[in-house]
Structures are given as structure tokens and as C-alpha cells.
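The values are calculated or read from the model by the stated rules, or taken from the named source; none is laboratory data. Please read these numbers as outputs of a predicted model, since none were measured by experiment. Here Cβ is always computed from backbone atoms with ideal geometry, including for glycine, and neighbour counts include all displayed protein chains. Keep in mind that these areas ignore ligands, DNA and RNA; they rest on the heavy atoms of the full protein, side chains included. Shrake-Rupley method; radii C 1.70, N 1.55, O 1.52, S 1.80 Å.
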Amino acid sequence: MMGQDAFNSSTIRTLVLYHFGTEILKEELLSKAEHMIHTRLLGWSNLPALDIKASIESMMFDFTANELFSYDLKKMEANFSERFTNMVQVLASFPLTIPDTT
């Protein structure tokens, strides 16, 4: 039984490091992030005015959703990130009563 736990632990560790380790971050995620940033900056440079905070939030959401859920920006609605942010804010605003806490 102990050998199986060690095997499971090392397998999980290997999978986590493969997907979230420093090497994969250097090789894949940074280049993808750099490409998205470059693309967005080019698009923003053609706008007469820009809400930088909202634009950066949208870019970060799109990048994270693409990496975690294979979210395709071209197939979804343009304001999907705004709708998701609003939904999370609504859920966070519900009062939650937990006994024995302040």
C-alpha cells in the first residue's frame, strides 16, 4: 500500500510540474502571453480612447481562460470577460453567515 501511495504522489508531482513548472512557464506561457500582449497593444493603438484598467482586466481574463479552459476568444461574445466578472461580483456580494466567526 505504501508503494502505491508513493507512486501516486510522484505521478501527481510529475503532472503538476509538467503543466505548471518553471520550464513550461518559460517555454510556452511567456511566449503566448507576449504574443497576446503585442496583439492587444496593436489593437489599442488604433483606438481614440481607452479604459486601461478594464482593457487589461479583459486581456488577463482572456489569457487565463484560454489556458485553463481552452476558451476561444473568436468563438465567444466580445464582452464575455465582462459578463463573467459581473457574475463573480454578484456571487461575492451575497451575505454569507458562518457560525462562530466574526
Among 23-34, 39-50, the order from most to least packed when residues are scored by Cβ within 10 Å on average: 23-34, 39-50
Base-10 log of normalised Debye intensity for the range 18-102 (one unit scatterer per alpha-carbon) at q = 0.16, 0.22, 0.23, 0.25 Å⁻¹: -0.79, -1.14, -1.20, -1.30
Apportionment of accessible area to carbon and sulfur, the range 18-72, percent (1.4 Å): 64 percent
